[in-house]
Amino acid sequence: MEKLSSLFVLVVGTNEMIWLQTQCEAQQAAVQFRRASSFYIAAKETISLAEARLNDSDVEFDEAWQEMLNHSTMKVRQLLSA
């Protein structure tokens, strides 16, 4: 009977460890998702702002805006492919 109870404790302990590991991985995935969502929203807003500025005929589209647009576009593509 003692061997059986020891085995039971081992199995329950293993199941708890698996559950804790799974919970930790789920929390990490949620944090990564929130971070990626924030980056995605910010990049989309930057692209929209750059497009609006480009459509304004009085404003010159300079190298700084082009670089920002390129960076944001790459970030969106990276986040969509992940």
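Each reported figure results from applying straightforward, stated rules to the coordinates on display, with no laboratory input. Keep in mind that what you see is a predicted model, and the values were worked out from it rather than measured. Heads up, the Cβs are rebuilt from the backbone with ideal geometry, glycines too, and the neighbour counts pull from every protein chain shown.
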Estimated FRET transfer efficiency (residue 31, residue 60; beta-carbon r; R0 41 Å; 0.05): 0.50
Can you list which of the GluC sites (Glu not before Pro) found in segment 21-65 are DSSP loop residues with at most 10 other C-beta atoms within 10 Å? 60
So between residue 42 and residue 77, what do we pick up on full extension, going 0.36 nm a residue minus the alpha carbon distance? 11.3 nm
